[in-house]
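Below is one structure, written out as structure tokens; comments come after it.
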Amino acid sequence: MAVTRPPFVRAGAGAMLDCVIIGGGPAGLTAAIHLGRFRRRVIVIDVGEGRTGLIPRTWNHPGHPAGIPGAQLLHRMRQQVAELGIPILPERVLRLDRLPRGGFEVLAGSLRVARRVILATGVVDRLPPIADARAAVLAGQLRLCPVCDAYEATGKSVAVIGTDAHAASEALFLTHYSRQVTLMTLGAPAQLSPDDRTTLRNAGVVIDQSPDVTWDLSGEGVTLDRPGASPLRLNAVWSGLGAVAQADLATGLGVVPAPDGRIVTDDHQETSVAGLFAAGDVTTGLNQIGTAIGQAQIAASRIHSILRATEARVIDVPAK
Ligand SMILES: Cc1cc2nc3c(=O)[nH]c(=O)nc-3n(C[C@H](O)[C@H](O)[C@H](O)COP(=O)(O)OP(=O)(O)OC[C@H]3O[C@@H](n4cnc5c(N)ncnc54)[C@H](O)[C@@H]3O)c2cc1C
């Protein structure tokens, strides 16, 4: 079926956009697809350093029984956005300000103004101090999301890097899949309460505080060489070092982040700043592609219905 490309979504710099979407991962691209199909004037601004591009193959994303590499999923979503005529600008948003009469000013490569903004900037994972950690993630040797890929390591020998309660909880999560789980602190002292230590011991998690560990990533899994001890051969290693929410643009406008640094929204994904919406990993909730997609759909639908309520008639409906 022939599709009429809606030229009205192409707005030049200076024109008041319906929405600027900051971030072009699953959350931002989903919001763009929905707002584009709502015939809204939208742009996506995305510096392109998101988490989805790091996924060797996602196995839990519904509809892909053979799994799908993150980069491929992203490519398909970007294609869908492009089909709607929505620009994806490869820029970093440096500043977000409110306009005195409502709406927002967004500074990236140039200055844009928009009635609404969706923040879909995600989080950045803290990686262990190894050379080429990114390559190890892409190879599936270093992992970042046990919810996503612990299943693939069922019955295998695995480890979590970290020292604190967060890393401990990831190690405990993995004991549902494996009896050989090690919490590696890489020589740092474990910062765990006596209760945490007892729980880990009862679950069979070994705490290893060996210093000067060297990583051998030349094989299929990971071998951790420990001075004075036998090498630890592992199927996979998870970083339990957490992630940093990319929430500065929101906090700069007065949004108070949750204790973990992420953004709290209402049921429609609107933040405490009217007109500023957020979706995906940057918000509190499960860091999953499906969650990001669902939140973006909610935000986009809400924005469209708010804008419709303020408009005398639907913009520029083409004659048949
Ligand atoms: C190794 C790995 C494996 C994973 N496996 C799975 C899995 O199997 N299943 C699953 O459901 N989830 C998985 N996840 C989680 C999944 O990747 C995230 O939940 C998902 O990417 C969140 O989407 P998002 O759009 O919120 O953020 P992202 O995908 O991180 O996208 C955010 C985008 O915003 C951009 N950005 C940030 N700040 C700015 C700025 N100031 N200006 C412009 N652009 C900006 C970033 O560069 C990025 O492109 C995995 C994550 C990792 C790291």
Any strands (runs of 3 or more DSSP E) falling wholly within segment 164-259 and containing at least 2 residues that are closer than 30 Å to residue 23 by Cα and touching a strand residue (DSSP E or B) at 6+ places or on another chain (Cβ under 6 Å): 236-239, 243-245
Where a residue in segment 14-27 is among the acidic types (Asp, Glu) and its partner, wherever it lies, is more than 9 Å from the ligand (Cβ to nearest atom) and outside any loop (DSSP other than H, G, I, E, B), with Cβ under 8 Å and at least six apart: 18/35; 18/42; 18/114; 18/115; 18/116; 18/303; 18/307
Filter result (on the phi < 0 side of the Ramachandran plot and out of contact with any Asp or Glu (no Cβ under 6 Å at 6 or more places or on another chain)) within segment 100-110: 100, 101, 104, 106, 107, 110
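Which is among the hydroxyl-bearing types (Ser, Thr, Tyr) and either more than 26 Å from residue 289 (Cα to Cα) or within 16 Å of the ligand (Cβ to nearest atom) (or both), of 193, 169? Walk me through how you get there before you give the answer.
Details: 169 fails: either more than 26 Å from residue 289 (Cα to Cα) or within 16 Å of the ligand (Cβ to nearest atom) (or both).
One residue alone meets the criteria, 193.
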Tally, over segment 113-140, of residues that are charged (D, E, K, R), over 15 Å from residue 249 (Cα atoms) and modelled with pLDDT of 95 or more: 3
Qualifying residues in segment 219-246 (those that are within 13 Å of the ligand (Cβ to nearest atom) and more than 22 Å from residue 282 (Cβ to Cβ)) - the one surrounded by the fewest Cβ atoms within 10 Å (Cβ to Cβ): 236
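Which residues, taken from segment 139-152, are in a helix (DSSP H, G or I) and more than 8 Å from the ligand (Cβ to nearest atom)? Outline the logic, then answer.
First pass over segment 139-152, keeping only residues in a helix (DSSP H, G or I): 146-149, 151-152.
Selection gives 146, 151, 152.
Among the candidates 266, 281, 196, 260, which residue alone is more than 24 Å from residue 133 (Cα to Cα), within 20 Å of the chain's Cα centre (by Cα) and of a type in the set (D, E, K, R)?
Working: 281 fails: more than 24 Å from residue 133 (Cα to Cα); 196 fails: within 20 Å of the chain's Cα centre (by Cα); 260 fails: more than 24 Å from residue 133 (Cα to Cα).
Sole residue among the options that is more than 24 Å from residue 133 (Cα to Cα), within 20 Å of the chain's Cα centre (by Cα) and of a type in the set (D, E, K, R): 266.
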Qualifying residue in segment 46-56 (condition: in the same structural domain as residue 94 (by TED's automatic domain parsing), within 11 Å of the ligand (Cβ to nearest atom), among the small types (Gly, Ala, Ser) and within 20 Å of residue 146 (Cα to Cα)): yes
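Taking residue 96, is it within 14 Å of the ligand (Cβ to nearest atom) and under 21 Å from residue 274 (Cα atoms)? Lay out the reasoning, then the answer.
Working: within 14 Å of the ligand (Cβ to nearest atom): yes; under 21 Å from residue 274 (Cα atoms): yes.
Yes; evaluated as a whole, the condition is true for this residue.
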Filtered residues of segment 34-52 (kept if surrounded by fewer than 18 Cβ atoms within 10 Å (Cβ to Cβ) and not in a loop (DSSP other than H, G, I, E, B)): 37
Tally of residues being in a strand (DSSP E or B), out of contact with any helix residue (DSSP H, G or I) (no Cβ under 8 Å at 6 or more places or on another chain) and among the basic types (Lys, Arg) across segment 91-127: 2
Cβ pairs under 6 Å, 6+ apart, first in segment 260-282 and away from the ligand (no atom under 11 Å from the Cβ), second of a type in the set (Phe, Trp, Tyr): 269/277; 270/277
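Taking residue 135 as the residue in question, decide whether it is surrounded by fewer than 21 Cβ atoms within 10 Å (Cβ to Cβ), under 21 Å from the mean Cα position of the chain (by Cα) and more than 10 Å from the ligand (Cβ to nearest atom). Break it down into steps so the answer makes sense when it comes.
On the way: surrounded by fewer than 21 Cβ atoms within 10 Å (Cβ to Cβ): yes; under 21 Å from the mean Cα position of the chain (by Cα): yes; more than 10 Å from the ligand (Cβ to nearest atom): yes.
Yes: the conditions hold for residue 135.
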Residues within segment 113-124 that are crowded, with 20+ Cβ neighbours inside 10 Å and within 12 Å of the ligand (Cβ to nearest atom), tallied: 7
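The values are calculated or read from the model by the stated rules, or taken from the named source; none is laboratory data. Given the structure is predicted, the values throughout are model-derived calculations rather than measurements. All Cβ positions, even for glycine, are placed from backbone atoms using ideal geometry, and neighbour counts span all protein chains on display.
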